[in-house]
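For reference, the structure is listed below as structure tokens.
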Amino acid sequence: MQASSNPPSAPFGDALAVRRLRLAGMPGDRDLRAMSEHLASMARVEIAPLHAGQPWHYQGAMRTVPGASWSSARFAPVSSARSAALCQDGQDDVMLFISTAPMTIEQPGREALRILPGGAALVSQARPMRVVQEQAGTLRALRVPHRDLAWRLPRLSAAPLLALNAGTPLLHLLPRLGRLLDADPLRGAAAQQLAARQWQDMLAVVLGQSRDFTQWAEDHSLPAVRLRAVQADIAAHLGHERLGPDWLAARQGISARHLRRLLAAAGTSYQEALRTARLQAARAMLADARNAGLSISAIAHACGFSEASALNRAFRQHYGMTPGQARREGGVQG
């Protein structure tokens, strides 16, 4: 078993030379556990072998300047966790991971994010997460304060989580910049500040030119989130006698005028959103075998249609078939 390290690191804001750490051995070794705890205190994540009982090795280096941190590590299959307990340290730094091995990022309440080799993931230290790397490989990580990146990218959320594909413009330049700055002594505050700005600017440029980020930002903008909330509220209250623009706007904490503008910006209206929600509810009921005993008329009334003929007309226009045909064919797609 082998474990070695430089002295414990300083806080994120203090300038450091390149820090190196190397771990090897069996997961149960006492010294290995102690060194893993030291790594957790330095990187603010808990790192462990992915497969219990198998030999483990980890070799990493980290360069920190005020406003940025760059690290690289070689590893056997490993998991890195930012636990809820660690999140209590108040850090909200943003991190970009680039891995040569497949990587999965898990966060409570969210669908796992799968990253292919050469791709990248943008995450926040403000929320618990677990990064799983199933194969041996190399991981590079750039970490910057959220406020510094958000100033450059106003559409960045408080706790981002998104994937960038391997073809993202300029993404391949980040490891090159990291190696270049690793080789420089960065003596003095001016040199360290310049290095931090270079990392921050480069990350902002990479994200700003990424189609993945552009789409993500649109999907997570306040209007997009508000629109999804309105649509979900309509779908959840199709049978409510008071369902209408004024009632819905009051539930959302906005004015009815704001509600109309929000729907208009999405190319729809309240009546169209209501019609779509009713059709989607009818489609789901028709596809559910538990509703086989319900008549088309009963399904129409359950979804807010005045009668079966109204559902038939709307359903045929939207899906190109009648509700009866959809039921016989096991539902419709889309």
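Couple of notes before you dig in:
- ASP201 at pLDDT 85 or above, part of a helix (DSSP H, G or I) and more than 30 Å from HIS172 (Cα to Cα): no
- Neighbours by Cβ (under 7 Å, 6+ apart or cross-chain): first from the range 224-251, more than 17 Å from GLY304 (Cα to Cα); second at pLDDT below 85 and in a loop (DSSP other than H, G, I, E, B): LEU227/ALA266
- In the range 109-149, residue most open to solvent (accessible area, probe 1.4 Å) [restricted to those that are assigned to a strand (DSSP E or B) and farther than 25 Å from GLY90 by Cα]: ARG114
- The range 319-334, residues that are in contact (Cβ under 8 Å) with a residue 40 or more places away in the chain and open to solvent by 60 Å² or more (accessible area, probe 1.4 Å): ARG327
- Of the strands (runs of 3 or more DSSP E) lying entirely inside the range 66-107, the ones with 1 or more residues being of a type in the set (Gly, Ala, Ser) are found at 68-75, 78-82, 94-99.
- Taking each residue of the range 290-310 that is of a type in the set (Phe, Trp, Tyr) and looking for partners that are open to solvent by less than 50 Å² (accessible area, probe 1.4 Å) with beta-carbon atoms closer than 7 Å, six or more apart or interchain, yields PHE305/LEU311.
- Checked against the criteria, ARG155 does not count as without any contact (Cβ under 8 Å) to a residue 24 or more places away in the chain and among the charged types (D, E, K, R).
- If the condition is being outside any loop (DSSP other than H, G, I, E, B), at pLDDT 75 or above and not β-branched (Val, Ile, Thr), then the range 43-57 contributes GLU46, ALA48, PRO49, HIS57.
- Count - residues of the range 196-232 that are more than 21 Å from the chain's Cα centre (by Cα) and within 22 Å of ALA121 (Cα to Cα): 5
- Scanning the range 162-195 for residues being within 21 Å of the chain's Cα centre (by Cα), open to solvent by less than 50 Å² (accessible area, probe 1.4 Å) and small (Gly, Ala, Ser) gives a total of 1.
- Selected residue (criterion: nearest to the chain's Cα centre (by Cα)) from residues of the range 96-108 that are buried (at least 23 other Cβ atoms within 10 Å of the Cβ) and more than 20 Å from THR64 (Cβ to Cβ): MET103
- Close pairs from the range 85-104: first free of Cβ contacts under 8 Å to residues at least 12 places away in the same chain, partner among the hydroxyl-bearing types (Ser, Thr, Tyr) and part of a loop (DSSP other than H, G, I, E, B), Cβ under 7 Å, at least 6 apart: none
- Within the range 290-306, considering residues that are of a type in the set (Gly, Ala, Ser) and closer than 19 Å to ALA236 by Cβ, the one surrounded by the fewest Cβ atoms within 10 Å (Cβ to Cβ): ALA302
- If only residues of the range 307-318 that are in contact with a helix residue (DSSP H, G or I) (Cβ under 8 Å, 6 or more places away or on another chain) and among the small types (Gly, Ala, Ser) are counted, the one that is surrounded by the fewest Cβ atoms within 10 Å (Cβ to Cβ) is ALA310.
The values are calculated or read from the model by the stated rules, or taken from the named source; none is laboratory data. If you're wondering where the values come from, they're calculated on a predicted model, not measured in any experiment. Because the Cβ atoms are built from the backbone with ideal geometry, glycine has one as well, and the counts that use them run over all protein chains shown. Heavy atoms of the whole protein, side chains included, go into the accessibility calculation; ligands, DNA and RNA do not. Shrake-Rupley method; radii C 1.70, N 1.55, O 1.52, S 1.80 Å.
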